[in-house]
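The values are calculated or read from the model by the stated rules, or taken from the named source; none is laboratory data. As the structure is a prediction and not an experimental result, all values here were calculated from the model. FYI the Cβ positions are ideal-geometry reconstructions off the backbone, even for glycines, and counts take in every protein chain you see. The area values use the complete protein model at the heavy-atom level, side chains included, leaving out ligands, DNA and RNA. Shrake-Rupley method; radii C 1.70, N 1.55, O 1.52, S 1.80 Å.
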Amino acid sequence: MSGEPTGFLYPFIEAEERDGTTLLLDLTRSADTKMRESAALRAASLERWDELLEQAGASMASRFDQGGRLFAFGNGGSATDAEGAVQLFRAPPYGRALPALSLVDDRAVLTALANDVGFELVYSRQVIAHARPGDIAVGFSTSGDSANVLLGLEEAARRQLLTIGLCGYQGSAMALSEAVAHCLVVGSESVHRIQEAQAALTLQLWSVVQRRLGARSRP
């Protein structure tokens, strides 16, 4: 069992463990603790950023109403968060579908830019190619220090896009960047808990946009 590649996920499980009942109790306690931590952090983040979410959502709704489009990007798990945000806006469970594009979608574009000009420019170059004043850029980074995400947001700001950043820890470079109009910081050092809270913030942001646009609520 010590050779299992997933062993790092549950360090409390000893290689010699043979007591199934104890093992299940440990797993149950671990899962329960994580769920409680996640729920508490999501609630705290939504409360902390309630006013900013309303402001950012109102600004996004105004841009969407004038033909603006949303561009989202991130790395690793944050790339999937960006894709999830785009899917939520583009094909919502209810309400108004809105134009959105994930800048991590096209593998050919990503690898070409990474190879030709450097990975730190894979998002800023796409912003140059696709975006126009009046659009929206949303960058995800658990650390808040991802160079390519920051450069993408900076390029977006230069091109008069509305910029929104989601990050963790204490926000780091993203929270201090003048290029980020609205920065939602999740106060945690756990990548998993940060991403779970960011999902809640993204959903609330979408809800504000839908309300501001006067979209019909779920039946």
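Things worth noting here:
- Any hit, the stretch 14-26, residues being at pLDDT below 95, of a type in the set (D, E, K, R), more than 30 Å from E155 (Cα to Cα) and in a helix (DSSP H, G or I): yes
- The stretch 151-172, residues that are in contact with a helix residue (DSSP H, G or I) (Cβ under 6 Å, 6 or more places away or on another chain), assigned to a helix (DSSP H, G or I) and open to solvent by less than 40 Å² (accessible area, probe 1.4 Å): G152, E155, A156
- Residues that are basic (K, R) and touching a strand residue (DSSP E or B) at 6+ places or on another chain (Cβ under 9 Å), drawn from the stretch 42-71: R48, R63, R69
- Number of residues in the stretch 170-183 that are at positive phi and in contact with an Asp or Glu (Cβ under 6 Å, 6 or more places away or on another chain) equals 1.
- Single match in D81, D65, D50 (criterion: at pLDDT 95 or above, over 30 Å from Q170 (Cβ atoms) and among the acidic types (D, E)): D65
- The residues in the stretch 81-103 that are touching a residue at least 60 places away in the same chain (Cβ under 8 Å) and either within 14 Å of V149 (Cβ to Cβ) or touching a strand residue (DSSP E or B) at 6+ places or on another chain (Cβ under 8 Å) (or both) can be counted, and the count is 4.
- Test: residue in the stretch 174-183 that is assigned to a helix (DSSP H, G or I), open to solvent by 40 Å² or more (accessible area, probe 1.4 Å) and of a type outside the set (S, T, Y): yes
- Looking at A72, A97, A58, just one residue is under 18 Å from G168 (Cα atoms) and either modelled with pLDDT under 95 or of a type outside the set (S, T, N, Q) (or both), and that residue is A72.
- Hey, E189 touching a helix residue (DSSP H, G or I) at 6+ places or on another chain (Cβ under 8 Å), open to solvent by 20 Å² or more (accessible area, probe 1.4 Å) and not small (G, A, S) or not: no
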